[in-house]
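Enquirer: The structure that follows is given in the form of structure tokens.
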């Protein structure tokens, strides 16, 4: 499970570098559209298992990867708006 988790983080990190290297292609996109761009490579590695805005337990997860009926990765996506907004988002969780 730890190996899957690290692999998923590597995929997301690689995609974040794509965002940074081509800012004009992504600057106009909102949180949901950027999430969709993260789900593309994740579903390439975990076919049909990476979903967005998925109901899970008592709420929704922005990114959820489920393998063999167990969650192996859950993420909340936010656009950086400074430290205060990041702390507020963490407090919501």
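The values are calculated or read from the model by the stated rules, or taken from the named source; none is laboratory data. Keep in mind it's a predicted model, so treat the numbers as computed, not measured. When we count neighbours, we look across all protein chains shown, and the Cβ atoms used for this are built from the backbone with ideal geometry, even at glycine.
Enquirer: Restricting to the range 1-30, name every residue that is exposed (fewer than 11 other Cβ atoms within 10 Å of the Cβ), assigned to a loop (DSSP other than H, G, I, E, B) and more than 14 Å from the chain's Cα centre (by Cα).
Expert: 1, 22, 27, 28
Table: residues versus (1) over 22 Å from residue 2 (Cβ atoms); (2) free of Cβ contacts under 8 Å to residues at least 60 places away in the same chain; (3) not in a strand (DSSP E or B).
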position: 41; (1), (2), (3): no, yes, yes
position: 47; (1), (2), (3): no, yes, yes
position: 61; (1), (2), (3): no, yes, no
position: 73; (1), (2), (3): no, no, no
position: 84; (1), (2), (3): yes, yes, yes
position: 88; (1), (2), (3): yes, yes, yes
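Enquirer: Also, I was wondering about something else. Right, residue 68: at pLDDT 90 or above and surrounded by fewer than 10 Cβ atoms within 10 Å (Cβ to Cβ) or not? Before you say what the answer is, go through the steps one by one.
Expert: Details: at pLDDT 90 or above: yes; surrounded by fewer than 10 Cβ atoms within 10 Å (Cβ to Cβ): yes.
Against the criterion (at pLDDT 90 or above and surrounded by fewer than 10 Cβ atoms within 10 Å (Cβ to Cβ)), residue 68 qualifies.
Enquirer: A further question on this structure: If residue 33 satisfies every condition in (1) touching a strand residue (DSSP E or B) at 6+ places or on another chain (Cβ under 8 Å); (2) in a helix (DSSP H, G or I) but one, which is the exception?
Expert: Exception for residue 33: condition (1).
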